[in-house]
Protein chains: 4
Amino acid sequence: MTVRFVVLGCGRIGSMHAEYLHRRVAGAEVVGVFDVHAVAAETVGAELGVAVAPTLEDALAIDADAVAICTSTDTHVDVMVAAAEAGRAIFCEKPISLDAAEVDRGLAAVEAAGVPLHIGFNRRFDPSHKAVADAVAHGAIGAIEVLNITSRDPAPPPIAYIEVSGGIFNDMAIHDFDMARYVTGSEVESVYALGRVRVDPAIGEAGDVDTAVIVLTHENGCLTTIDISRRAAYGYDQRVEAFGSEGMAASTNHHDFNAVLATDQGYRQPPLQNFFLERYTASYLDQWAAFVDAVEHGTPTPISGLDGRAPLVIGMAAKRSMDEGRPVHVSEIT
Amino acid sequence: MTVRFVVLGCGRIGSMHAEYLHRRVAGAEVVGVFDVHAVAAETVGAELGVAVAPTLEDALAIDADAVAICTSTDTHVDVMVAAAEAGRAIFCEKPISLDAAEVDRGLAAVEAAGVPLHIGFNRRFDPSHKAVADAVAHGAIGAIEVLNITSRDPAPPPIAYIEVSGGIFNDMAIHDFDMARYVTGSEVESVYALGRVRVDPAIGEAGDVDTAVIVLTHENGCLTTIDISRRAAYGYDQRVEAFGSEGMAASTNHHDFNAVLATDQGYRQPPLQNFFLERYTASYLDQWAAFVDAVEHGTPTPISGLDGRAPLVIGMAAKRSMDEGRPVHVSEIT
Amino acid sequence: MTVRFVVLGCGRIGSMHAEYLHRRVAGAEVVGVFDVHAVAAETVGAELGVAVAPTLEDALAIDADAVAICTSTDTHVDVMVAAAEAGRAIFCEKPISLDAAEVDRGLAAVEAAGVPLHIGFNRRFDPSHKAVADAVAHGAIGAIEVLNITSRDPAPPPIAYIEVSGGIFNDMAIHDFDMARYVTGSEVESVYALGRVRVDPAIGEAGDVDTAVIVLTHENGCLTTIDISRRAAYGYDQRVEAFGSEGMAASTNHHDFNAVLATDQGYRQPPLQNFFLERYTASYLDQWAAFVDAVEHGTPTPISGLDGRAPLVIGMAAKRSMDEGRPVHVSEIT
Amino acid sequence: MTVRFVVLGCGRIGSMHAEYLHRRVAGAEVVGVFDVHAVAAETVGAELGVAVAPTLEDALAIDADAVAICTSTDTHVDVMVAAAEAGRAIFCEKPISLDAAEVDRGLAAVEAAGVPLHIGFNRRFDPSHKAVADAVAHGAIGAIEVLNITSRDPAPPPIAYIEVSGGIFNDMAIHDFDMARYVTGSEVESVYALGRVRVDPAIGEAGDVDTAVIVLTHENGCLTTIDISRRAAYGYDQRVEAFGSEGMAASTNHHDFNAVLATDQGYRQPPLQNFFLERYTASYLDQWAAFVDAVEHGTPTPISGLDGRAPLVIGMAAKRSMDEGRPVHVSEIT
């Protein structure tokens, strides 16, 4: 069986997903694409030789098994509801929405329709981070006690993006909140967050911060620290370190290449891979393989709608913590 | 412009090349495939949705710009001559042939036809090895004095393959001889080789060795050591280290993933990537990009026919050295 | 000139200092030792062949230039006052005291006497941590934005020690608070701390925690995270990572030896050096060299009395933060 | 029991040994020193507070248990014979002599006297190299098949030293020949060596080379490659890599410190520890502990006189191989 996809949204991430699904994922093919910007959809459609739907309705009318929702965040829930009603298995990029009530509306529609739903927290499929999670799950480090996550983008996005991003906690740290739940296997109880504007004053003027440190407490007693920044001169820095009663498991980064130059100035290695398209290629492909497998076999998707909701609540708590200068319990967020 | 390829030979390496050319190389597409085993060609043809030629003549009659010669080594030269006469730009897998006279026949046909020719020593395009070669070429380590190459396959091929391989020097070490010429930028003068049967007595019974150490002298005074083995329990081990008057440049391996587990037993990292399809993916893609660019712009291919011939002569000298227990000058090989 | 020392306190750290001063520090010699446990002093005195003072008064009557105060923490200030009145240059182990008023009494006596004082935050002299601090100070990473400190002992001390230790923040994290001031070059403003009992319930019964995460804010805007534990199965884990506008500087650990074993199970390195006597040997020697140099030349000691006081206040703020579940400003600590 | 040493020869290595024996080796003390240059002996004697013997005869008349022979190589055998006749346990720096007959004369005297003898191939006691040898001995890599040794000094010695050194093979590579016997646990059968003058023409004018590659065959079938140089811009490079049927064990170097600086220029680590006094401190101390233990308990010394002789023969074979351009069997060396 081949799972036939319609890709909704053909921006940077949508066009990447379309290409991967059509060319590099066994058991999958793209049968149509859509974007509110017609030229974006036409470019991808021409590249892959697949149908271009002029409207969302047309896109959902294409005979297909699944959709990949890669539209702008504010449209995710409307698209999700429509796709659910059309009976499609749904892959939705993160975050589902920046509004918890909207998330609930989307999840209710999915549940009513009884269609599979997977939220695109791809980092769970990064082989290095996954090795850390597996080590914890298999008891290789005993009981987990502390989790440290470092997450630094190479450079900030345009201010126009910052302005609609929902803020650093729900745009960027949301991946790390998901990672914390994934690696510890435990829900978050409370959040303490500190933020700073260090990279670009314009980010501050847009009401956001660009540098932050967050501490989470988990139900199982684990403490998680997260440090995030919109800038890292040396490349995309993505590390997870789990510390437990019997040891430590940690993922490290990938350099541009694996070579060293040694002179009287010391040993030099290249910078890190620049950004997520390079670093997380394997995660995107493995995520698709897992989703396609779940759809094909009718088994649960790896990352559920509730997995998509929880990090949003943590992000809201982080924002409130930073604003009010105190730790915030997630139960304070309705 | 899109360079249209016919892929000749659809075994393991040919089917990989076909997929890469058709799906992952910008400016290239596959318009036909051929294999003496029809089922192999049909499988690849169906996967890519391209024409399957029943004979080599049919394959060369397809309207195309270039061929990728991935047939068995003993047929390379006949196919090369036919492709040259058909006016195709030629990519040929290594080695061109195990017979120097045959190589010369092929190169003569290519020269007569005036078509581009590139020999598939893909490791030159590995970003890590390339960084070493670039460091040498740019003077970052001063004048090169010593080059150490380690090249260990994870496990030996079937004995049936060993029997027609041409021996470890021209089947396996030929990549390393090319690497020595590439990194040092200097021709080889003499060869001293020692071989052992340590992995499988059946390899010895087939007249070959499975473990070898080779020392090369270069025209520029550099000394190269090569150690090769048909077996490495910890994965595919491919390293190059250049030592010069002002420093050292070295490429290292890729592990299965980049994570560590630390316990009271120490720190553990995963084994190396298992074999060349994983380790050298980037090199294959970058090689294709370079070849397609050369064909498109009419510029010289990166690895010429003479670059394909030289390692074969070094391999023959290595074999003679091992057999006679003495260093052999390459000029002794006619 | 040789700086003549009397070593006061001959426990684990005092006997180490005595041996280093007498045998491995150029320009220093030990001329006497003292300990309230006579046998401890006699053992060291016999080993080094130096005078053993029966009382503190006798020890301070020995003709000497300096003292090394290595007695139990609760006696530091009394000894410091007596040594200051005796006109000795003073090296005092950390912490000066667990009571800020006591610290002030000691510092006042030192100031009144006009003698040099150095507090033994040896980690500043660890060549790896020092390289991080130097990188920050020299602008190699631009403006510092985030500092991450990991500090994990291999195993907890006896409960009897825990009971008089002053708690994990002032016993163990005090080194990390000093490191935060040292690397950032900026005073701490506020502290948020979370603690857990994960290693041994008896530590909790003694009123302490064994696992903690701390976040500091600095006057210069830097945010520091610290994670500490009384247990690390893989050895003594001591790392500092400074992240700034132009890069990152990080110190790493030392393994028991520098070798790797690679098999089909992966690559294995040995555990980390077990504890501070091994890891910080160079720091102790370099610290002595710096103190001896300051005494000999009448220049300021590298780590002043105020440098000894500040981390104590941070530790008190951390304790209060943990107890009250809120961030605490250091100005709240009188 | 304390083993009382007289140190014979107070140059760079002798004064280091004297200090270690007197101050840092449990169960050992220095009771006298001697050097043909009186001032050298007096300096060390004053530093340690021990007797200075005006002549060798006086030195051997001092009541002692053992001698450390650290005089110039050409005097080793005469001193060894005298020390043996005086009944002293003997530690002798490498090489015993540059003349095999002289070596035999020394060993005969030792055997006649029945005194313990240990040859100072300290690298066997380097914890990292030892881990490789132990891995081989314990079967952790299966049967050893290939051994690669890299041995590069940071900078060449004075030409005056080169002129009396006995040549690069017996001065420098002799350590590596010993390492090859130690790690493989197998005698060397044949040697192939190539040498070049790349560092300093004056070395060539002195009749020596400064860069060399050597291949050894062993009785157990193992092949060893050695590359040595008198110059390495990035520090003292000392690595051993053993490859076997079930894996690989390798020792690596020590950097000046363990820290990294990451910027847009990449990751930078410091150069390697500059030379043997830093790199091999642990090996010298552990070697002394082992020798003292053997003397105290009357057990065999770890490195025998025959272990001192074998590398000399290999070095002679290497020289002949280089001169004659052919592999040389060690049995050709009388």
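Answer yes if at least one residue in region C:113-120 is hydrophobic (A, V, I, L, M, F, W, C) and in contact with a Leu (Cβ under 8 Å, 6 or more places away or on another chain), and no otherwise.
Checked against the condition, which is being hydrophobic (A, V, I, L, M, F, W, C) and in contact with a Leu (Cβ under 8 Å, 6 or more places away or on another chain), region C:113-120 yields at least one hit.
Regarding B:LEU8, is this residue crowded, with 22+ Cβ neighbours inside 10 Å, within 13 Å of chain A (Cβ to nearest Cβ), within 13 Å of B:VAL67 (Cα to Cα) and touching a residue at least 24 places away in the same chain (Cβ under 8 Å)?
No: the conditions fail for B:LEU8.
Within region C:38-55, is there a residue that is of a type in the set (D, E, K, R) and surrounded by 18 or more Cβ atoms within 10 Å (Cβ to Cβ)?
no
Just for region C:274-289: of the residues that are of a type outside the set (S, T, N, Q) and in contact with a helix residue (DSSP H, G or I) (Cβ under 7 Å, 6 or more places away or on another chain), which one is farthest from C:ILE228 (Cα to Cα)?
Step by step, filter region C:274-289, then rank; the result is C:TRP288.
Take A:ARG231 and tell me if it is touching a Pro at 6+ places or on another chain (Cβ under 7 Å) and either more than 30 Å from A:GLU189 (Cβ to Cβ) or touching a residue at least 12 places away in the same chain (Cβ under 8 Å) (or both).
yes
Is it the case, given these coordinates, that C:ARG230 is in contact with a Cys (Cβ under 9 Å, 6 or more places away or on another chain) and closer than 19 Å to A:SER245 by Cα?
no
Answer yes or no as to whether B:ILE149 is open to solvent by 20 Å² or more (accessible area, probe 1.4 Å) and in contact with a helix residue (DSSP H, G or I) (Cβ under 6 Å, 6 or more places away or on another chain).
no
B:ALA140 fails exactly one of the following numbered conditions: (1) of a type in the set (A, V, I, L, M); (2) more than 24 Å from B:TYR236 (Cβ to Cβ); (3) open to solvent by less than 20 Å² (accessible area, probe 1.4 Å). What is the number of that condition?
Unmet condition: (3).
Give the residue that is least open to solvent (accessible area, probe 1.4 Å), with candidates limited to residues of region A:194-204 that are more than 13 Å from A:ALA318 (Cα to Cα) and either touching a strand residue (DSSP E or B) at 6+ places or on another chain (Cβ under 8 Å) or in contact (Cβ under 8 Å) with a residue 40 or more places away in the chain (or both).
Checking each candidate, the answer is A:ILE203.
Could you run through region D:201-225 and say how many residues are among the β-branched types (Val, Ile, Thr) and out of contact with any Leu (no Cβ under 7 Å at 6 or more places or on another chain)?
Of the residues in that region, 5 qualify.
Give the residue, chosen from C:THR299, C:THR263, C:THR281, that is modelled with pLDDT of 95 or more and under 18 Å from D:THR281 (Cβ atoms).
Unique residue meeting the criteria: C:THR281.
Mind checking whether some residue in region C:110-123 is open to solvent by 30 Å² or more (accessible area, probe 1.4 Å), at pLDDT 95 or above and among the basic types (Lys, Arg)?
No, because not a single residue in region C:110-123 is open to solvent by 30 Å² or more (accessible area, probe 1.4 Å), at pLDDT 95 or above and among the basic types (Lys, Arg).
Within region A:37-47, can one find any residue that is under 26 Å from A:LEU312 (Cβ atoms) and not polar (S, T, N, Q)?
Taking every residue of region A:37-47 in turn, none turns out to be under 26 Å from A:LEU312 (Cβ atoms) and not polar (S, T, N, Q).
Testing B:ARG88 on (1) open to solvent by 10 Å² or more (accessible area, probe 1.4 Å); (2) in contact (Cβ under 8 Å) with a residue 40 or more places away in the chain; (3) in contact with a Ser or Thr (Cβ under 9 Å, 6 or more places away or on another chain), one condition comes back false. Which one is that?
Among (1) open to solvent by 10 Å² or more (accessible area, probe 1.4 Å); (2) in contact (Cβ under 8 Å) with a residue 40 or more places away in the chain; (3) in contact with a Ser or Thr (Cβ under 9 Å, 6 or more places away or on another chain), B:ARG88 violates only (3).
From the list B:HIS37, B:HIS22, pick out the single residue that is under 23 Å from A:GLY27 (Cβ atoms), modelled with pLDDT of 95 or more and not basic (Lys, Arg).
Selected residue: B:HIS22, the only one of B:HIS37, B:HIS22 that is under 23 Å from A:GLY27 (Cβ atoms), modelled with pLDDT of 95 or more and not basic (Lys, Arg).
Assuming A:THR211 fulfils every condition listed in (1) under 19 Å from A:ARG320 (Cα atoms); (2) touching a strand residue (DSSP E or B) at 6+ places or on another chain (Cβ under 8 Å); (3) more than 7 Å from chain C (Cβ to nearest Cβ) apart from one, which condition is it?
Checking A:THR211 against (1) under 19 Å from A:ARG320 (Cα atoms); (2) touching a strand residue (DSSP E or B) at 6+ places or on another chain (Cβ under 8 Å); (3) more than 7 Å from chain C (Cβ to nearest Cβ), the one that fails is (3).
The values are calculated or read from the model by the stated rules, or taken from the named source; none is laboratory data. What you are looking at is a predicted structure, and each value in this text was computed from that prediction instead of being measured. When we count neighbours, we look across all protein chains shown, and the Cβ atoms used for this are built from the backbone with ideal geometry, even at glycine. Heavy atoms of the whole protein, side chains included, go into the accessibility calculation; ligands, DNA and RNA do not. Shrake-Rupley method; radii C 1.70, N 1.55, O 1.52, S 1.80 Å.
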